[in-house]
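Working notes, structure below.
The values are calculated or read from the model by the stated rules, or taken from the named source; none is laboratory data. Values in this document were obtained by computation on a predicted structure and should not be read as measured data. Because the Cβ atoms are built from the backbone with ideal geometry, glycine has one as well, and the counts that use them run over all protein chains shown. All accessible areas refer to the heavy atoms of the entire protein, side chains included, with ligands and DNA or RNA removed. Shrake-Rupley method; radii C 1.70, N 1.55, O 1.52, S 1.80 Å.
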Amino acid sequence: MPETTSTRRLFAADALLPTGWARDVLLEWDDTGKLSAVTPGVEPNGTRRAAGPVLPGMPNLHSHAFQRAFAGLTEFRGEAQDSFWSWRTLMYRFAAKISPEQVEAIATWLYIEMLEAGYTSVCEFHYLHHDADGRPYADDAELSLALLRAARNAGIGLTLLPVLYQTSGFGGLAPSEGQRRFIRSTDSMLRLLDRLRPACEAQGARLGLAPHSLRAVPPEGLRDALAGLDAIDPSAPVHIHIAEQTGEVDACLAWSGQRPVAWLLDHAPVNARWCLVHATHMDADEYRSAAASGAVAGLCLTTEANLGDGIFDFNAWRAAGGRWGVGSDSHACVNAAEELMMLEYGQRLAMRQRNVGADAAHREVATALTLSAVQGGAQAAGRAVGGLAVGQQADFVVLDAAHVALQGLSAPDMLSSHVFASHRTSALDAVYVAGQVRVTGARHALHREAASTFVAARTQLLAKD
Ligand code: NGQ
Ligand code: ZN
């Protein structure tokens, strides 16, 4: 059906606006997919009605797409004491053999899973650049372009963050064999960004840069890459892994006398363009000053739990006015609601309290967390995906009011049940990205074929062992 003004509108009996729940809301968007009017308190007249409460779509602020094919396959004891670092060795082994076709198949399926689970855009922290021998592909952008195609085919919004990776540890340690597909000079990174710019623009994707971590990028690489990025786009997003593991904090202290977040704040122009991914291990000063920088904390709750990282001090961050969003990172779990649940449960376990995530404006935890995570996620993505407001993209999710966990409840209770009590079954009915329906009846149109292409790619990959 061709898009017309009448198909670019939806009536919601309940909608979660940036200020909170509103009744009888008419959502209207223009032919570019941007919301042009959000009007509460209207009659439905003949407008198409949403099948349940409408929520803003969740930006996923951190993804390593290829890792989806390996989720669930490291849950056995391999060393006397397994850890993040032993997991990483297994992950490198897997990354070493993956082909461009496999990357595209895995990412396409992953992005479909994301849409079906309430994510409407994704920040792809992309470091698998070269072939299995560590040589650049004939087209150096080969794997980045595979990710762009996957996002376009799934119909998910994208912020592509090519990763700068140069060393294996603080103090300029030479990269290891397992890292050979990731390594780039600063110049080659800037050439890649130039090459990717038109491709991103053509599909409405945002291009940014991800210095992998302070372990992987020495100070001069960081400085020169940021200067080069500024010359291309002075407001482009910058994402970095930081202070995820205590081992990394100790190594940074030994190298510089400073903790990673403190070092970064002192040596880089950290501001609202930045996303500090994990930032798990900060002291009280770091919580205050990182929050004051305007950067977003990129919380990847289920991956952080899976990898045994530690618990982010959510109250300290919020007390300092810190912004935050969620990411599915290694994709052990791909579900926006579960990230919020895991955030809340981690805090409850650490503090022995309940309803920690509620705030002054919203007593329902799921409502408060959803609104903040959407806002922080949009900031990290560098895209206008910040919720149901005029000028933002029409990215939204319709809850399934007929789902057993939701039936007969008020809209805020439906969202609470979706986050805390839907028992991992999807209580979503429809998902829209830029006003286009991507999921209906909880299913993406390409679900079946993308799933079987994914399974075939994973089977091939595992057979290579
Ligand atoms: C990554 N993942 O780049 O995939 C990392 C592991 C590292 C997470 N940090 C590798 N969750 O940090 O060195
Ligand atoms: Zn990561």
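Things to note:
- Screening the candidates A279, A254 for the property of being within 16 Å of ligand 2 (Cβ to nearest atom), aliphatic (A, V, I, L, M) and either more than 23 Å from the chain's Cα centre (by Cα) or closer than 23 Å to E124 by Cβ (or both) yields one hit, A279.
- Strands (runs of 3 or more DSSP E) enclosed by the stretch 352-463 - at least 1 residues per element that are out of contact with any Gly (no Cβ under 6 Å at 6 or more places or on another chain) and not aliphatic (A, V, I, L, M): 428-433, 436-440
- Filter result (away from ligand 1 (no atom under 15 Å from the Cβ), within 15 Å of A295 (Cα to Cα) and of a type in the set (G, A, S)) within the stretch 203-253: G208, S235, A236
- Pick from the stretch 400-425, criterion touching a His at 6+ places or on another chain (Cβ under 8 Å) and among the hydroxyl-bearing types (S, T, Y), ranking: nearest to L340 (Cα to Cα): S422
So that you can scan it fast, the table gives a plain yes or no per residue for (1) closer than 22 Å to Q375 by Cβ; (2) open to solvent by less than 10 Å² (accessible area, probe 1.4 Å); (3) more than 16 Å from ligand 1 (Cβ to nearest atom):
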site	(1), (2), (3)
A13	no, no, yes
G41	no, no, yes
P44	no, no, yes
H62	yes, yes, no
F66	no, no, no
F76	no, no, yes
A80	no, no, yes
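- Checked against (1) within 16 Å of ligand 1 (Cβ to nearest atom); (2) surrounded by fewer than 21 Cβ atoms within 10 Å (Cβ to Cβ); (3) farther than 20 Å from H130 by Cα, L264 meets all criteria but (2).
- Checking each residue in the stretch 441-465 for being open to solvent by 70 Å² or more (accessible area, probe 1.4 Å), touching a residue at least 40 places away in the same chain (Cβ under 8 Å) and within 20 Å of R152 (Cα to Cα) picks out R443, T453.
- Test for V270: is it within 16 Å of ligand 2 (Cβ to nearest atom) and outside any helix (DSSP H, G or I): no
- Among the residues making up the stretch 179-221, a single one is of a type in the set (G, A, S), free of Cβ contacts under 8 Å to residues at least 24 places away in the same chain and farther than 23 Å from Y92 by Cα: A202.
- Residue in the stretch 339-362 that is nearest to M114 (Cα to Cα), counting only those that are open to solvent by less than 30 Å² (accessible area, probe 1.4 Å) and not hydrophobic (A, V, I, L, M, F, W, C): E339
- Taken as a whole, the condition of being crowded, with 16+ Cβ neighbours inside 10 Å, of a type in the set (V, I, T), modelled with pLDDT of 95 or more and more than 15 Å from ligand 1 (Cβ to nearest atom) applies to V270.
- Pair list, Cβ < 6 Å and 6+ apart or interchain, from the stretch 295-310 residues that are within 9 Å of V277 (Cβ to Cβ) to residues that are within 11 Å of ligand 1 (Cβ to nearest atom) and of a type in the set (D, E, K, R): C300/D329
- Flag for Q407 being polar (S, T, N, Q), within 30 Å of L207 (Cβ to Cβ) and either in contact with a helix residue (DSSP H, G or I) (Cβ under 6 Å, 6 or more places away or on another chain) or open to solvent by 10 Å² or more (accessible area, probe 1.4 Å) (or both): no
- Filtering A290, A284 for residues that are open to solvent by less than 10 Å² (accessible area, probe 1.4 Å), over 15 Å from L343 (Cβ atoms) and more than 15 Å from ligand 1 (Cβ to nearest atom) leaves a single hit, A290.
- Extreme residue, farthest from L73 (Cα to Cα), among residues of the stretch 311-337 that are in a strand (DSSP E or B) and free of Cβ contacts under 8 Å to residues at least 60 places away in the same chain: R323
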